[in-house]
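The values are calculated or read from the model by the stated rules, or taken from the named source; none is laboratory data. Keep in mind it's a predicted model, so treat the numbers as computed, not measured. A quick note on method: Cβ atoms are made from the backbone with ideal geometry, for glycine too, and the neighbour counts reach across all protein chains shown. Side chains included, ligands, DNA and RNA excluded: accessible areas come from the protein's heavy atoms. Shrake-Rupley method; radii C 1.70, N 1.55, O 1.52, S 1.80 Å.
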Amino acid sequence: MAKLKIDGKEIEVPDHYTLIQACEEAGAEVPRFCFHERLSVAGNCRMCLVEVKGGPPKPQASCAMGVRDIRGGPNGELPEVFTNTPMVKKAREGVMEFLLINHPLDCPICDQGGECDLQDQAMAFGIDSSRYQEDKRAVEDKYIGPLVSTVMNRCIHCTRCVRFTTEVAGISELGLIGRGEDAEITTYLEQAMTSELQGNVVDLCPVGALTSKPFAFTARPWELNKTESVDVMDALGSAIRVDTRGREVMRVLPRVNEQINEEWISDKTRFIWDGLKTQRLDKPYVRKDGRLQPATWGDAFAAIKSAVVATSGDKIGAIAGDLASVEEMYALSELLKSLGSENLDCRQDGTALDPSLGRASYIFNPSIEGIEAADALLIVGANPRFEAAVLNSRIRKRWRRGKFPIGVIGEHADLRYSYDYLGAGPETLADLVSGSHSFAEVLKTAQKPMIIIGQGALVREDGAKVLANAAKLAAAVGVVKDDWNGFAVLHTAASRVGGLDLGFVPGAKGVNAAQMLASMDVLFLLGADELDFSRKGSKFTVYIGSHGDNGAHNADVILPAATYTEKSGTWVNTEGRVQVGNRAGFAPGDAREDWAVIRALSDVLGKKLPFDSLRELRVKLYAAFPHFAGIDEIAEGDSAQIVALAKKAGAMGKSAFASPIKDFYLTNPIARASAVMAECSALARNNFQAAAE
């Protein structure tokens, strides 16, 4: 720790702090453009100037000077820093004048208006005039893809975007070329950026040079209602803010959550919002004469009742989709149990995970933040870059610190960091379990090794054996020990951990999702669209969901429901953290929240569920499953469950592991309804084909 004075106030800070961080600790406001806590120090903009007592007779850039770099007085006086002296004020005004020399006067039409750091700091730290009379320089706008719009005349060369793409996203797609007034930020060949995290440069840009292309010229920030929620596009549960105008979602932005997403979100999370309003189901439908016809709620419920009455409980089933919240899965499971059915499944992809094996067998035990504490990593059957882009950036963050060997079994893909490719499938995993592979020794000698098991290794016929062998390896090399549990299951579906916690899986006499699809008399699909409907043999299918996707096309009755932005719901992320998303708007037309649809249906079926409001439903839910009441908390798994799972290890197949995510941009009904995601998908395919050629 280091002691110093900031504007006369004595503080103590860690000795690795920079002066700008020390000033923030003391409560002093220091303007900045290039400095960002999660990026390397550039020292470009010079806006963060401060005066250091006893230092050189000129202002110092506080972002580039550490507290260890300044000295105290000759008699043991503490080092002193001043942020508000005449010298500092004059220096900042001069810097701001220089920054505005070439900045265009287009604030009224700039999309950054109302959220512009340059505008705010010019008001607070600048002056009201300029001595510069010459023509302003002009820079051509660059095409960098369908997501980020450029107006490069506004660029002040802070290089935040360059450092983000290089350091966090892991691909040097942006750079600064030229010198002096010829300096430009560009993608060099003016091609689209390929990173799944590129949208974050919009938040990082302190001026209006990089803005959101889909959101451009649609709304001003002060017009929007802001709702804090959680993301369901993957299983991370990133903290987001949903901005709405009236009933319409206008944009999605990240919130800071150090435990999960820091302050980044993936492009799918950020730009999915146009899919929320297209291909929506806004009224019930009933299939008549082979065609789906609009109907009333009464007609739809009557058709379902006729089908349910005509069969027995063992021929009724329910499959929950990837975006379902805990509340609606709980309501549906209670309804089916009242009908005498044990045919429930939240694993529409057929993954081998099962709550009977213990919670530790299906959650990301070390936690997402725990990745930074690990010192060796084995990835089995996963492509984190596409399955959880923000988590992948956390792995890269740890990798950049050094001394972090990474081994991969599965696809030989570009993960944005270097790794040792160990093999393609189960045979390599078996070698590690037996100790004959050299990477087993790497894991064994590490203090906190991690194993990440992806769904690509678990959705196979031998998935249960692969999981057990991974657990056996974890027990053998010290991944699971008294003070550390590095056994991590990476999910791809936001609803999966919540469903497993609920026990939304087949009972003793129940059948799984694939068997239900083929054999049920009545099948309920709760937003389940990723099934192989070519094998559909169920006689009567009820789809409860928000979009006209695969499930709706194969349904006999459609009950319109709400998306994740239109309901308050609970989701449990891949690490087992319970999170609540809040309603930002209302569903269109006759669509209602999923739990309310199920509750109304139960009344018609004569099996009335014991709640009439979301609050009452949650009271019942928390009584049955108390850990759901621990919002933003993780109910940790017992490491003994991993050891017990290891005993089930057996022979595995020979086919290679393959990630289930074939197209990052089109993984769910909302994404497939999004024109922006469709454009990104087409661009990604073209880039892949070009690279292959």
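Taking the Cα centre of region 326-436 as origin and charging only Cβ (+1 Lys, Arg; -1 Asp, Glu), how large is the dipole, in debye to the nearest 20? Kindly include the intermediate steps, with their values, before the conclusion.
Values: 12 positive and 16 negative charges, 151 e Å.
With Lys and Arg at +1 and Asp and Glu at -1, about 720 debye.
Under the simplified labelling scheme, the K305-K277 pair shows an inter-label distance of 3.8 nm, with each label point 7 Å from Cα along Cα→Cβ. Translational diffusion of region 1-84 was estimated from the Stokes-Einstein equation, with Rh taken as the Kirkwood radius over Cα pairs; at 20 °C and 1.002 mPa s the coefficient is 169 µm²/s.
How much length is gained if the chain between V643 and S129 is pulled fully straight, taking 0.36 nm per residue apart and subtracting their Cα-Cα distance, in nm to one decimal?
Working it through step by step, the gained length comes to 177.9 nm.
Computed with a 1.4 Å probe over protein heavy atoms only, the accessible area of M520 comes to about 10 Å². The residues of region 394-448 have, on average, 49 Å² of accessible surface per residue, using a 1.4 Å probe with all protein chains present.
Going through region 136-204, which chymotrypsin sites (Phe, Trp or Tyr not before Pro) have at most 11 other Cβ atoms within 10 Å and a DSSP loop state?
Qualifying residues, ordered by number: Y188.
Lys and Arg at +1, Asp and Glu at -1: add these up for the other residues within a Cβ distance under 10 Å of I101 and post the number.
So the environment of I101 carries a net charge of 0.
Here the calculated FRET efficiency for T85 and S438, from their Cβ-Cβ distance with R0 = 35 Å, stands at 0.05, rounded to the nearest 0.05.
Across region 573-634, the mean sequence separation of Cα contacts (distance under 8 Å, 6 or more residues apart), normalised by length, yields a relative contact order of 50 percent.
So, in Å, what gap is there between the alpha-carbon centers of region 444-468 and region 533-600? Answer, in whole Å: 31. Eigenvalues of the alpha-carbon gyration tensor of region 176-217, scaled by 5 and square-rooted, set the equivalent ellipsoid semi-axes at 21, 14, 10 angstrom, largest first. Region 373-396 and region 1-26 have Cα centres spaced 35 Å apart.
Among the trypsin sites (Lys or Arg not before Pro) within region 360-466, those in coil by DSSP and having at most 12 neighbouring Cβ atoms inside 10 Å are R401, K403. Summing Lys and Arg as +1 and Asp and Glu as -1 over all other residues whose Cβ lies under 10 Å from the Cβ of D556 gives a net charge of +3. Note on L176/D314: beta-carbon distance plugged into 1/(1 + (r/R0)^6) with R0 of 45 Å gives a FRET efficiency of 0.10.
Based on Cα contacts under 8 Å between residues 6+ apart, region 192-248 shows a relative contact order of 22 percent.
Considering all C-alpha pairs of region 12-140, those separated by over 18 Å amount to 59%. Backbone geometry of region 659-671 corresponds, through the Karplus equation with coefficients 6.51, -1.76 and 1.60 at θ = phi - 60°, to 3J(HN,Hα) couplings of 4, x, 8, 8, 9, 3, 8, 10, 9, 8, x, 5, 5 Hz, x marking Gly and Pro.
With q set to 0.17, 0.18 Å⁻¹, the log10 of I(q)/I(0) for region 560-651, from the Debye formula over equal scatterers at the Cα positions, is -0.87, -0.92. Region 471-517 and region 634-682 have Cα centres spaced 11 Å apart. The reciprocal of the average 1/r between distinct C-alpha atoms defines the Kirkwood hydrodynamic radius, which for region 622-662 equals 14.4 Å. Annotation note: trypsin sites (Lys or Arg not before Pro) in region 574-624 located in DSSP loop regions with a Cβ neighbour count of at most 15 within 10 Å are K608. A Cβ-based charge dipole, computed about the Cα centre of region 61-201 with Lys and Arg at +1 and Asp and Glu at -1, lands at about 480 debye. In deg cm²/dmol, rounded to 500, what helix-only [θ] at 222 nm does the chain give when every DSSP H run of at least 4 residues adds -39500 (n - 2.57) and the total is split over its residues? Per the formula, -8000 deg cm²/dmol.
Which one of I144, F540, L253 is farthest out on the positive end of the charge dipole of the chain, using unit charges on Cβ (Lys, Arg +1; Asp, Glu -1) and the Cα centre as origin? It is F540.
Ordering of 651-662, 548-559, 424-435 by packing is 548-559, 424-435, 651-662, highest average first (other Cβ atoms within 10 Å, averaged per residue).
Of K315/K465; K472/K654; K142/K268; K142/K397; K53/K89; K305/K337, which ones are farther than 20 Å apart at the Cα? Going by Cα-Cα distance, K315/K465; K142/K268; K142/K397 fall outside the 20 Å limit. Under the convention that each Lys and Arg Cβ holds +1 and each Asp and Glu Cβ holds -1, the size of the dipole of region 1-78 around its Cα centre is about 280 debye. Computed on the chain, with alpha-carbon pairs under 8 angstrom and 6+ residues apart, the relative contact order is 14 percent. Ranked by solvent-accessible area (1.4 Å probe, protein heavy atoms only, all chains present), the residues H103, H157, H412 order from largest to smallest as H412, H157, H103. With the gyration tensor restricted to C-alpha atoms of region 288-393, the semi-axes of the equivalent ellipsoid amount to 40, 18, 12 Å, longest first. Note on region 92-223: Cα-Cα pairs beyond 24 Å make up 29% of the total pair count. Projecting the Cα positions of I156, A324, T166 onto the charge dipole of the chain (unit charges on Cβ atoms of Lys, Arg, Asp and Glu, taken about the Cα centre) puts A324 furthest along the positive direction. Report the one residue of A413, A424, S438 whose Cα lies farthest in the direction of the positive end of the charge dipole of region 369-441 (charges on C-beta: Lys and Arg +1, Asp and Glu -1; origin at the Cα centre). After comparing all options, I get A413. Our analysis of the chain gives Rg over Rh at 1.01, with the two radii drawn from alpha carbon positions and Rh computed by the Kirkwood formula.
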